[in-house]
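K.L.:
My questions will all concern the structure given below.
The values are calculated or read from the model by the stated rules, or taken from the named source; none is laboratory data. Predicted, not measured: the structure shown is a model, and the values here were computed from it. In this analysis, Cβ positions are derived from the backbone assuming ideal geometry, glycine residues included, and neighbour counts consider all displayed protein chains. When the accessible area is computed, the model is the full protein with side chains, heavy atoms only, and any ligands, DNA or RNA have been set aside. Shrake-Rupley method; radii C 1.70, N 1.55, O 1.52, S 1.80 Å.
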Amino acid sequence: MTDWTAPNREALLRALLDSATELSSLHDVEAVLLSIVRRTRQLLRSDMAYISLNDHQEGITYIRQSDGVLTNAYRTIRMPIGTGILGLVASGEAAYQTTDYLRDESVTHIPKIDRTVAQEGVRTIMGVPLVMTGQVIGALMVAERSHRVFSPEEVETVDSLGKHAAVALDNAEKYAQALRDAEQLSVKNARSQQELLSVTEVAQFDEDLMQAILENPSPEGVLEVTAGRLGAAVTLLNERGEVIAATPGASSSVFNDQAVQQAMSAADDLGTPQPVELSRTQAGAVETGLLAPVRSGRSALGYLVVGGLAQVNGLPQVIPAQQTLLSRAAAHCALALLFLQADEDAQYRTQLDVLDELLSGEVVPRSRLDRRLRHWGMTSSDRAWVALIDHPAGHDRDVQRQFRSLPGTSLLAEVEGHLCVMFTEEAWIDQFQAMDSASAGVRAAFCGPMESITQLPGFHRRALTALSALRYSARTGLVDAASIGVVGTVVHLMADSDAAELTREIQPLLDYDAERGTSLTATALRYFDTDRRIDRTAEALFVHRNTVKQRLGSITRLLGEGWDCAPRALDVHLSLRAWGLSGDRL
């Protein structure tokens, strides 16, 4: 099994991009086939690779091109679709692999083929189907003469290359067919020239998409090229149907959620672009579009949506050229998203290392710290804040992207079960509170500013204390650690204790209030918070001074003499503050 560490994965994605670039520039069928098998064998470092094409009329699949195969019998294998590993993969059900083909009883064996496999010395075989516009056209296979288990990442790599191979093969076949037609149908020269031009335009579209990814490996470039070619706004949805990127003119607020979900389900089942109702006005006017799945292997990465689909008699009219172009764009968008995810993963790991190093309490040389922070435009002496966020979907990439988009966000990683964010702009606080996610069960606490990033351990502890107090209070939102006080520290220290009784000193008041419907506990808390002045307590509670005096007398009877005098006053006030934070008060 290949070592799929982060550097290897990034190198693999770069090699995959180079392969896709080469394939998009080839127009000769045999050159495309040879490039496919050589690139596949090179990427997976396998003993051999080969590609088969299906003959559905005869019900067979046959090896058309190979690399690394030694015997002529193996190079010319022809077998019924559905038999053996090759026939099973060529049937299009799914990717498949076996680590000992001749002994694998889960597949249908053909004695003649088994003898050929034994003569070649093949033991391990893995392959993926080649699918074009919903039709299985063949299989892309790799094989080993020894035992090997291909990892899910390796299978996904072959699947991704297979998608680009199918596109390139389809391009080459159409290009070659157009050339043949142009030569043979001289009497229909104008029509042949137009067909040749159409194929050339599709090939140029592929090259433009690839160039956009090379210049900026992100989906925005793919969307821009696609919108320019189709002359309509294009939107990228995530796997849940939420908008994550769009070209100018696209509107996320007008989407018909139910129709989009139905189109997503149909696109997943059929693997082809589907018409979708995007919006409907009060007057009954309907805007329709096309939705194409963006996939990498079996993983759904999202969906591309383009609007402006023409209608005839109230029904959307799908033009084949639009489907073809959108399918091409979806394949390139998947590649761009894989690059983006690889970059995000690398950034996340690096930022986690920096945060872990800072929070460890060890002395980090400023020169080394500045070198690492320079990548994010920071230095160790920058003025900064730290925030800790409890989010129910904190692992989600889209959630982390939202927080990264806030002004001044420099570092973000999960530390001790929370998202830890370092930011350098105070506007981050207001922007966080304005986010929709900040009101959806999210708790967060921030602390700062710190005059140097090396002060992070102390500020992180204060933010963690404030977050514990916020959790104890059963409230959500964002809180400044400076507003919590020492009671937050007590709550934090006792958060994991089963024997914690922070309100023990005032339990008689709580019981009395619960039985009688009175507010003696609130009165006692306000009394302490106003420096034990009856006049200010009455003013804060909007009651008469005599009422406060009567309540204080009741409190004294319940708690005993000296409840508001040192040293007992500290314990009582602390219990009252803890009650004030608790959800019982809400």
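K.L.:
Quick one: Karplus J couplings for the range 200-205, per residue in order, coefficients 6.51, -1.76, 1.60, θ = phi - 60°, nearest Hz, x for Gly and Pro?
P.N.:
Along the range 200-205, the couplings run 4, 5, 5, 5, 5, 4 Hz.
K.L.:
Add +1 for every Lys or Arg and -1 for every Asp or Glu among the other residues with Cβ under 11 Å from the Cβ of Gly138, and state the total.
P.N.:
Around Gly138, the charge tally is 0.
K.L.:
Hey, another quick one. Evaluate the relative contact order of the range 345-419 (contact order divided by residue number), counting alpha-carbon pairs under 8 angstrom at least 6 apart; express in whole percent.
P.N.:
40 percent
K.L.:
Over the range 361-480, average the accessible area per residue using a 1.4 Å probe and give it in Å², no decimals.
P.N.:
Using a 1.4 Å probe on heavy atoms only, each residue of the range 361-480 averages 45 Å².
K.L.:
At 0.36 nm per residue, minus the direct Cα-Cα distance, what do Arg372 and Asp353 gain on full extension? Give it in nm, one decimal, please.
P.N.:
Working: separation 19, 0.36 × 19 = 6.84 nm, distance 1.00 nm.
So the chain would gain 5.8 nm between Arg372 and Asp353.
K.L.:
Now, a different point. Leu102 versus Thr379, label points 7 Å from Cα toward the beta carbon: distance in nm?
P.N.:
With each label point 7 Å from Cα toward Cβ, the separation is 6.9 nm.
K.L.:
Can you compute 3J(HN,Hα) from phi for each residue in the range 147-154, using the Karplus curve 6.51 cos²θ - 1.76 cosθ + 1.60 with θ = phi - 60°, rounded to whole Hz and x for Gly and Pro?
P.N.:
The phi angles translate into 6, 7, 10, 7, 6, x, 5, 5 Hz.
K.L.:
Now a separate question. Find out how many positive minus negative residues lie around His544, taking Lys and Arg as positive, Asp and Glu as negative, among other residues whose Cβ is under 12 Å from that of His544.
P.N.:
+1
K.L.:
Same structure, new question: Which far-off residues, 5 or more places away or on another chain, put their amide H under 5 Å from the one on Ala246, with H placed in the peptide plane?
P.N.:
Excluding prolines and chain starts, which carry no amide H, the hits are Leu236.
K.L.:
Also, I was wondering about something else. Could you run the Karplus curve 6.51 cos²θ - 1.76 cosθ + 1.60 with θ = phi - 60° over the range 212-221 and give me ³J(HN,Hα) per residue in whole Hz, x for Gly and Pro?
P.N.:
So the Karplus estimates, Gly and Pro as x, are 4, 5, 5, 6, 8, x, 9, x, 4, x Hz.
K.L.:
For the range 90-131, which GluC sites (Glu not before Pro) pass both filters: DSSP loop (anything but H, G, I, E, B) and at most 16 other C-beta atoms within 10 Å? Present the calculation step by step, with values, prior to reporting the outcome.
P.N.:
Details: sites: Glu93, Glu105, Glu120; in loops: Glu93, Glu105.
Hits after loop and neighbour filter: Glu93, Glu105.
K.L.:
Separate question: Would you pull out the residues with amide H under 5 Å of Thr108's amide H, same chain only if 5 or more places away, H placed 1.01 Å from N?
P.N.:
Gly84
K.L.:
Could you check how much of the accessible area of the range 40-126 is carbon and sulfur, as a whole percent, using a 1.4 Å probe?
P.N.:
C and S atoms contribute 43 percent here.
K.L.:
What full-extension length gain, to one decimal in nm, is calculated for Asn216 and Ala94 as 0.36 nm per residue of separation minus the Cα-Cα distance? Before the final figure, lay out each step's value.
P.N.:
On the way: separation 122, 0.36 × 122 = 43.92 nm, distance 3.21 nm.
Extra length from Asn216 to Ala94 when fully extended: 40.7 nm.
K.L.:
If you rank Lys163, Lys549, Lys112 by how much accessible surface each has, with a 1.4 Å probe, what is the order from largest down?
P.N.:
These residues rank, largest area first, as Lys112, Lys549, Lys163.
K.L.:
So, one more: Translational diffusion coefficient of the range 361-480 at 20 °C, 1.002 mPa s, Stokes-Einstein with Kirkwood Rh over Cα pairs, in µm²/s as a whole number. Write down the numbers at each step before the final one.
P.N.:
Working: Rh = 14.6 Å.
Answer, rounded: 147 µm²/s.
K.L.:
Accessible area of the range 499-582 with a 1.4 Å probe: how many percent of it is carbon plus sulfur?
P.N.:
47 percent
K.L.:
Which residues' amide hydrogens lie under 5 Å from the amide hydrogen of Val415, considering only partners 5 or more residues apart or on another chain, with H built in the peptide plane?
P.N.:
Cys420
K.L.:
Between Gln455 and Arg568, what is the spin-label point distance in nm, taking each point 7 Å from the Cα along the Cα→C-beta axis?
P.N.:
4.1 nm
K.L.:
Among Asp104, Asp535, what's the order by accessible area (1.4 angstrom probe), most exposed first?
P.N.:
Asp535, Asp104
K.L.:
Add +1 for every Lys or Arg and -1 for every Asp or Glu among the other residues with Cβ under 11 Å from the Cβ of Arg298, and state the total. The partial results should precede the final answer.
P.N.:
Working: positive: Arg295; negative: Glu156, Asp159, Asp268.
My count for the surroundings of Arg298 gives -2.
K.L.:
Work out, step by step, the length gained on full extension between Ser146 and Ala434: first 0.36 nm times the residue separation, then minus their alpha carbon distance; give nm to one decimal.
P.N.:
97.8 nm
K.L.:
In addition: For the range 355-415, what does the convex hull of the Cα positions come to per residue, in cubic angstrom?
P.N.:
Enclosed volume per residue, from the Cα hull, is 98 Å³.
K.L.:
Report the FRET efficiency, 1/(1 + (r/R0)^6), for Arg397 and Ser483, where r is their Cβ-Cβ distance and R0 is 30 Å, rounded to 0.05.
P.N.:
Using R0 = 30 Å, I get an efficiency of 0.40.
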